[in-house]
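The values are calculated or read from the model by the stated rules, or taken from the named source; none is laboratory data. Since the model is a prediction, treat every value here as computed from it, not as a measurement. Don't worry about glycine lacking a Cβ; one is built from the backbone with ideal geometry, like all the others, and counts go over all protein chains shown. What goes into the accessible areas is simple: the full protein's heavy atoms, side chains included, and nothing from ligands, DNA or RNA. Shrake-Rupley method; radii C 1.70, N 1.55, O 1.52, S 1.80 Å.
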Amino acid sequence: VSALDMATIGGADRKAVTAVRDEDGDLKLIAWDLDFAQDGTATIVRLGEASAGKVSALSIARATPFNGVFTAVKDDDGNLMVIPWKISTDGRSIARGEHATASEVGNEISVASLQKGVAVAMRDSDGNLRIITWSAAASGDMGGRKETEVAGGISEVDLLTTPHGGSNLTSVVRDSDGNLLLIGWAVDGDGRNLRRIGSSEAGAASKIAAAGVARSYVGLDPRDMIMTAVRSTGGDLKLITWDTNLVNP
């Protein structure tokens, strides 16, 4: 494979799903499970799979409107394509839904599910951060395109939600100066009313990755946080935690 990303699907018995660019340059999805023997030995079990056309970049995220995943890819024409995939409870069947497309996109793409839709952050053809939202149906099909917002120049991007923040988003990027920058975005569950709500910056970083986590406080509501992992200027791994205002922005 020449590109790889992975997500887990929801439900009581979660499955892992890998999205890869295979040896022919095509997008391929494979569902996986863990089987535990009586002695505690774990075995990785390969389940259903599905394929699509030629891609040169990809991202995958668990879907909230239905049991399955969204993939965002740069297709053979260099354009963005967002594909919903509905996955059976046992993981042995993967059905492709009706996709959506947008204009030319770079090789940096990240997809995140909304409560009733999906958002994609990308490095657009001008080198800027661009976020596009769509609605999505419980049937596993894409709906209409809702909003587009553009920020400054970037070279890397990761888009995520947090445990209690609903559909509100954070784009974690390496900006045009090579610094780590987090930008918060409020958005309705179906992708409407996308708006920027704040940002925070750290120093020079590359190879960025991020995840949303939650912290509990005694007598108070849980507080969402974000953890970023980056390569520092000295080549070392650096972890940073960030408090957020995504629950009630």
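Quick notes on this structure:
- Any hit, region 127-135, residues being farther than 14 Å from G191 by Cβ, touching a residue at least 40 places away in the same chain (Cβ under 8 Å) and not aliphatic (A, V, I, L, M): yes
- I197 vs. criteria surrounded by 15 or more Cβ atoms within 10 Å (Cβ to Cβ), over 19 Å from the mean Cα position of the chain (by Cα), in contact (Cβ under 8 Å) with a residue 24 or more places away in the chain and closer than 27 Å to T133 by Cβ: yes
- Residue that is least open to solvent (accessible area, probe 1.4 Å), among those in region 9-30 that are part of a strand (DSSP E or B) and of a type in the set (V, I, T): V17
- Matching residues, region 121-142, being over 19 Å from I197 (Cβ atoms) and crowded, with 18+ Cβ neighbours inside 10 Å: M122, R123, D124, W134, S135, A136, G140, M142
- Restricting attention to region 143-158, the residues that are over 14 Å from D175 (Cβ atoms) and loosely packed, with under 15 Cβ neighbours inside 10 Å total 2.
- Screening K74 on (1) surrounded by 12 or more Cβ atoms within 10 Å (Cβ to Cβ); (2) among the charged types (D, E, K, R); (3) not in a strand (DSSP E or B) shows it passes everything except condition (3).
- Top-ranked residue of region 77-96 - restricted to ones that are of a type in the set (V, I, T) and crowded, with 22+ Cβ neighbours inside 10 Å, ranked as farthest from E49 (Cα to Cα): V82
- Residues in region 166-181 that are farther than 13 Å from G152 by Cβ, assigned to a strand (DSSP E or B) and within 15 Å of the chain's Cα centre (by Cα): L169, T170, V172.
- Under the condition of being under 15 Å from L160 (Cα atoms), open to solvent by 70 Å² or more (accessible area, probe 1.4 Å) and β-branched (V, I, T), the residues counted in region 200-241 number 1.
- Unmet requirement for T244, which otherwise passes all of (1) open to solvent by less than 30 Å² (accessible area, probe 1.4 Å); (2) over 28 Å from R145 (Cα atoms); (3) of a type outside the set (D, E): (2)
- Any hit, region 98-108, residues being open to solvent by 20 Å² or more (accessible area, probe 1.4 Å), over 19 Å from L160 (Cα atoms), touching a residue at least 12 places away in the same chain (Cβ under 8 Å) and outside any strand (DSSP E or B): yes
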